[in-house]
Amino acid sequence: MTIKPGEIAIVGAAETTKLGAIPDMAQIMLHADAALNAMADAGLKPSDIDGVACVGPMMPQQIAHYLGITPRWVDGTGVGGCSFMLHVRHAAAAIHAGYAKTILITHGESGKSRVNATPRPPEPQSLNGQFEAPFGPMGPPTLFPIPVLRYMKKYGVTHEQMAMVAVVQREWAAKNPRAAFKDPITVADVLNSKMIAYPFRLLQCCLVTDGGGALILTSSDRAKDFPTKPCYILGSGESVETTMVSQMEDFTSSRAFRVAGPEAFRMAGIKHSDVDHLMIYDAFAHLPMYGLEDLGFVGRGEAKDFIWEGNTRPGAKLPLNTNGGGLSYTHTGMYGMFALQESVRQVRGTAPAQVPDVTISVAHGVGGMFSASGTVVLSNQRP
Amino acid sequence: MTLEPGRARPEPTPETKHFWDGTRDGKLLLQRCGDTGKAYFPPRPFSPYTGTRNVEVFEASGRGTLHSYVIHHRPVPGFKPPYAIAVVELEEGPRMMTNIVDCPQTPEALVLDMPLEVAFTKMDDDITLPLFRPAKGS
């Protein structure tokens with residue numbers, strides 16, 4: 001029997017007490033801090049949880065034991081920063097199947113302070129270690145933007161248009177007291193910021209922060225017994241492509257986006273015009289453009305004008321990355337949890353930069369350097 | 001052209017050994033699917049297009065075009081910034097990551113779709129990297 005839109009709900013959601021620099025917490029404690037906050041949000045104790053999901057390097061057995069949970073379902077799916085979108089999808093399926101009743105998904109990362117953080121260099125025998133690492137990439141800023149010049153050439157995207165992504169997101173961040181950067185910036189500011197990996201400059205690259213978040217899911221039939229407004233899962237999608245950015249099928253589009261996004265829309269039974277609020281994981285400035293096109297919100301090559309003309313700004317028709325995104329809000333290394341948290345806040349009506357009358361929010365994630373994708377459609381209305 | 005010390009060094013596995021033996025001998029070896037005739041990369045002893053194990057190794061032309069790149073401005077062991085991390089699209093179809101040598105590391109000099117040719121560059125007695133340079137006559 002297939003899962004129906006709205007059958008499973010998020011009943012607990014919270015981020016870590018602090019965001020930014022948290023040198024007084026090890027990585028496992030960031031998971032726990034977020035989990036305890038989410039349990040408080042849902043009015044639950046560890047003994048009420050019977051399912052746990054998280055992504056490596058943290059393992060579900062560490063989280064379960066640390067928090068005092070005895071799970072009968074676990075998921076350690078690790079496909080990078082969108083793993084949480086996949087955890088939501090897998091948890092919904094597990095609750096539907098009866099494998100667990102109340103599932104906790106956690107994220108914590110000491111991205112900035114590196115307290116008990118695990119370095120992840122490619123093994124020299126791996127395909128990445130043999131066929132990418134010898135040519136001098138060093139982390140996401142040198143790998144994620146590898147395709148962007150090809151995209152810019154194909155669609156005639158200017159550096160000014162690519163800079164505008166960061167400018168608009170800063171407008172949202174200005175409305176969010178928890179955002180790391182709130183001061184307004186201009187296209188010129190972006191283009192004058194320090195060069196990191198041409199064509200991307202500092203203000204087109206995500207932050208590096210400490211923090212975390214957690215979600216609690218249960219069946220919608222039980223959701224009415226919780227203190228929070230249920231946030232119904234209407235649909236979800238997932239896919240992976242390649243861990244080697246050089247081997248992407250097409251440098252101007254993500255195959256994983258094109259599988260995950262439409263699947264989530266199909267499951268949810270929604271059209272683009274039904275979407276009131278959108279989060280697109282923005283580790284770097286090009287991702288909102290790829291996301292808008294690959295998810296079908298605009299046609300091929302149209303994202304540059306769509307953003308430039310202000311359609312994703314505060315007050316405009318498609319509010320995008322309303323917490324300020326990975327570019328201005330926070331980015332621990334795995335931002336997907338924060339995109340989901342903002343979607344939950346928006347459909348609950350509790351976001352700092354609240355969009356009026358949000359019924360449906362879409363959170364779209366990316367993992368690795370275009371290596372994976374997950375999409376979740378949320379609503380405050382059960383169909 | 002010699003490499004500065006400190007670069008990440010690839011360690012071949014049984015599935016990739018022929019490729020690295022090839023670069024050491026001055027040959028760019030690709031594989032092709034026996035069913036579709038399509039070339040692929042990175043090396044593996046079966047076709048990613050059809051799953052067939054009917055595949056063959058062949059010597060590529062060593063010619064390609066500059067598909068995309070970034071110019072990194074931060075220090076990395078084995079490199080002098082700024083340097084380009086590039087992806088070349090080979091004449092035979094597959095793409096591979098590489099560095100562009102004998103060329104200024106600037107957006108003005110590194111023009112997308114410019115013709116490139118392989119420049120085998122020795123790392124040590126076992127490993128030779130397939131770097132690329134602007135094609136002669138271009």
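The values are calculated or read from the model by the stated rules, or taken from the named source; none is laboratory data. The model shown is predicted, which means the values in this text are computed figures rather than measured ones. So basically every Cβ, Gly included, is an ideal-geometry build from the backbone, and we count neighbours across all protein chains shown. Protein only, heavy atoms only, side chains kept; ligands, DNA and RNA dropped before computing areas. Shrake-Rupley method; radii C 1.70, N 1.55, O 1.52, S 1.80 Å.
Observations on the model:
- Condition met for residue B:28 (aliphatic (A, V, I, L, M), within 9 Å of chain A (Cβ to nearest Cβ) and touching a residue at least 40 places away in the same chain (Cβ under 8 Å)): no
- Odd one out for residue A:160 among (1) more than 9 Å from chain B (Cβ to nearest Cβ); (2) open to solvent by less than 60 Å² (accessible area, probe 1.4 Å): (2)
- Filter result (more than 13 Å from residue B:2 (Cβ to Cβ) and of a type in the set (D, E, K, R)) within segment B:103-138: B:108, B:113, B:117, B:125, B:126, B:133, B:136
- Note on segment B:36-77: among residues that are among the aromatic types (Phe, Trp, Tyr) and over 24 Å from residue A:147 (Cβ atoms), the one that is nearest to the other protein chains (Cβ to nearest Cβ) is B:46.
- Listed by position, the strands (runs of 3 or more DSSP E) enclosed by segment B:41-138 that each have at least 2 residues that are touching a Pro at 6+ places or on another chain (Cβ under 8 Å) and open to solvent by 50 Å² or more (accessible area, probe 1.4 Å) are B:115-122.
- Selection status of residue B:4, open to solvent by 20 Å² or more (accessible area, probe 1.4 Å) and at the interface with chain A (Cβ under 9 Å from one of its Cβ atoms): no
- Any chance residue B:28 is over 19 Å from residue B:6 (Cβ atoms), among the hydrophobic types (A, V, I, L, M, F, W, C), at pLDDT 95 or above and in contact with a Pro (Cβ under 8 Å, 6 or more places away or on another chain): yes
- Hits in segment A:242-268 (condition: within 16 Å of residue A:149 (Cβ to Cβ) and either in contact with a Cys (Cβ under 6 Å, 6 or more places away or on another chain) or among the aromatic types (Phe, Trp, Tyr) (or both)): A:251
- Among all residues of segment A:338-349, there is none that is buried (at least 24 other Cβ atoms within 10 Å of the Cβ) and part of a loop (DSSP other than H, G, I, E, B).
- When segment A:235-260 is limited to residues that are open to solvent by 10 Å² or more (accessible area, probe 1.4 Å) and in contact (Cβ under 8 Å) with a residue 24 or more places away in the chain, the one that is nearest to the chain's Cα centre (by Cα) turns out to be A:238.
- Here residue A:263 meets each of (1) part of a helix (DSSP H, G or I); (2) open to solvent by 40 Å² or more (accessible area, probe 1.4 Å); (3) under 28 Å from residue A:109 (Cα atoms) with one exception, condition (3).
- Segment A:114-135: number of residues that are at the interface with chain B (Cβ under 7 Å from one of its Cβ atoms) and either surrounded by fewer than 24 Cβ atoms within 10 Å (Cβ to Cβ) or assigned to a helix (DSSP H, G or I) (or both): 9
- Of the residues making up segment A:37-57, none is within 19 Å of the chain's Cα centre (by Cα), acidic (Asp, Glu) and closer than 20 Å to residue A:228 by Cβ.
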